[in-house]
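Some notes on the structure that comes next.
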Amino acid sequence: MFKKLRNALFALTALLSFTALAATPNTVSAASSSKYTPKYIKRQVVLKLNCNSYVYDRYGNRMPWFNGLYGPLGYLKEDSYVYTTRNRIERTDKDVRYFTLFTKYHATKYNYGFVGKKYWLPYKKINGHYFYYIGYGAYIKARNVSLINDLPQYSNGEKAMITMSGYPFTFDSKTKKIKNLTKKCKAGKYVVIDGLRQFTDSDGIYFMDTDQPVYARLKGTGHGTTGTYVDVAALRTKELYTFYSDPEEGSNPNYRINLVDINRLEDYYTDTKKKK
């Protein structure tokens with residue numbers, strides 16, 4: 001009996017020691033403040049959350065405890081930073097599900113924001129969802145991340161339903177040619193959107209209203225600055241407002257996913273080509 005009690009005490013001591021280790025500042029942590037230290041960029045991948053996020057194990061089950069979170073209902077708070085055990089993001093040219101864009105800023109040149117080279121944090125697909133490994137057997141959903149090392153995270157495509165039937169059009173930014181398609185996008189059909197843009201007078205599209213509408217590019221119809229477009233007004237708001245925020249309507253609490261700004265891409269490609 002005393003031998004069993006001794007073994008139980010040893011096991012409890014080991015568990016408490018591991019729990020204390022997991023809670024030290026050098027391990028994974030989720031800061032509730034909005035502060036972010038750039039020094040972590042070179043030696044540690046830091047994620048910012050766009051919503052409250054549960055922590056999962058490698059099988060996609062909620063972890064019973066993690067770094068001060070106890071019980072299956074414990075979660076990391078929205079806007080908090082997760083300091084992972086990952087040490088870098090990787091350069092890629094592949095069509096990865098989630099990625100970030102980085103352009104070095106130079107005071108004497110144009111700054112195009114986040115439209116340059118593509119980087120990603122390798123993820124793992126579990127039960128149909130994409131997860132980032134944050135260390136010590138723990139994962140969070142990649143979709144719940146807004147920033148990677150203080151750079152916006154982008155999605156390579158978001159699904160949305162067409163609510164108003166209409167004819168999409170193709171646009172080539174090099175030739176400025178617009179072609180209206182004869183095949184109608186019918187209401188009730190789901191499409192995948194991979195970028196947003198507005199058109200200007202220089203594109204050959206003229207508007208009576210100064211407020212230019214925003215168009216969504218259908219994934220798989222082009223690359224760079226070309227493609228087939230539909231008006232965002234034709235998309236169901238339930239899906240639309242997760243990746244689009246109307247500036248005239250103020251803040252959008254449902255916005256959490258970034259899509260590529262094709263206008264910025266076009267400016268970037270045009271200007272860098274001139275500099276060569």
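Derivation of every value follows stated rules applied to the coordinates shown; laboratory data play no part. Being a predicted model, the structure only gives us computed values, none of them experimental. Cβ: placed from backbone, ideal geometry, glycine included. Neighbour counts: every protein chain shown.
General observations
- Listed residue pairs exceeding 22 Å between alpha carbons, taken from Lys174/Lys219; Lys117/Lys189; Lys159/Lys238; Lys94/Lys189: Lys117/Lys189; Lys94/Lys189
- Burial ranking of peptide ranges 183-191, 135-143, 245-253 (average Cβ count within 10 Å, highest at the top): 135-143, 183-191, 245-253
- Modelled FRET efficiency - R0 41 Å, Asp79 with Thr221, Cβ distances, 0.05 increments: 0.75
- The value obtained for region 119-163, namely the Cα convex hull volume divided by the number of residues, is 103 Å³ per residue.
- Comparing Gln198, Leu235, Thr221 along the charge dipole axis of region 125-256, the residue lying farthest to the positive side is Thr221, per the Cβ-charge model.
- Gain on full stretching of the segment that runs from Ile178 to Tyr136 - 0.36 nm per residue minus C-alpha separation: 9.9 nm
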